[in-house]
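What follows is calculated from the coordinates using simple rules that are stated; it is not laboratory data. As the structure is a prediction and not an experimental result, all values here were calculated from the model. No Cβ is skipped: glycine too gets one built from the backbone with ideal geometry, and neighbour counts run over all protein chains shown.
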């Protein structure tokens, strides 16, 4: 009879230990899984912002090459691309150098924006993103 009682005690003890392990896993998993999920979302958003900046910079550089100068049409083209990509154009710093170019001269278009990356339990960082394209003017003035 003693063997049966000890066997039951072992089974009961193992069941209790398994229950404790389950409770520990339930308490610890959110501390591990939630930051990882937020990190994936944040880095995805940063990659999206970078892609939109590249597209807007390329479109602005092309418009600047066709115009041969920093005109309102270049600004409008960049703003349209940024809005279409879900970015607020007022947050983006636009640099077009030189403001006026003759045929074959290079025109540099640069866009810069600061993004915040915030991951729970790990911290918040400011992430500067930029994109730059150089093209040649196609206009003879």
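Of note:
- Cα long-axis angle, helix 72-84 against the chain (0 to 90 degrees, to the nearest 10): 20 degrees
- Using distinct alpha-carbon pairs, which all enter the 1/r mean, Kirkwood radius of the chain in Å: 19.0 Å
- Theoretical gain in end-to-end length, residue 27 to residue 84 [0.36 nm per residue, Cα-Cα removed]: 16.3 nm
- Between 0 and 90 degrees, the angle of helix 2-67 with respect to the longest Cα principal axis of the chain falls at about 0 degrees.
- The mean sequence separation of alpha-carbon pairs under 8 Å and at least six residues apart, normalised by the residue count of the chain, gives a relative contact order of 25 percent.
- The chain, helix-only ellipticity at 222 nm - DSSP H runs n ≥ 4, -39,500 (n - 2.57), divided by all residues, nearest 500: -20500 deg cm²/dmol
- Sites residue 40 and residue 71 - FRET efficiency at Förster radius 30 Å, r taken between beta-carbons, to 0.05: 0.15
- Nitroxide proxy distance, nm - points 7 Å out along Cα→Cβ at residue 55 and residue 97: 2.8 nm
- Sorted from greatest to least, the principal axis extents spanned by the alpha carbons of the range 31-73 come out as 54, 13, 8 Å.
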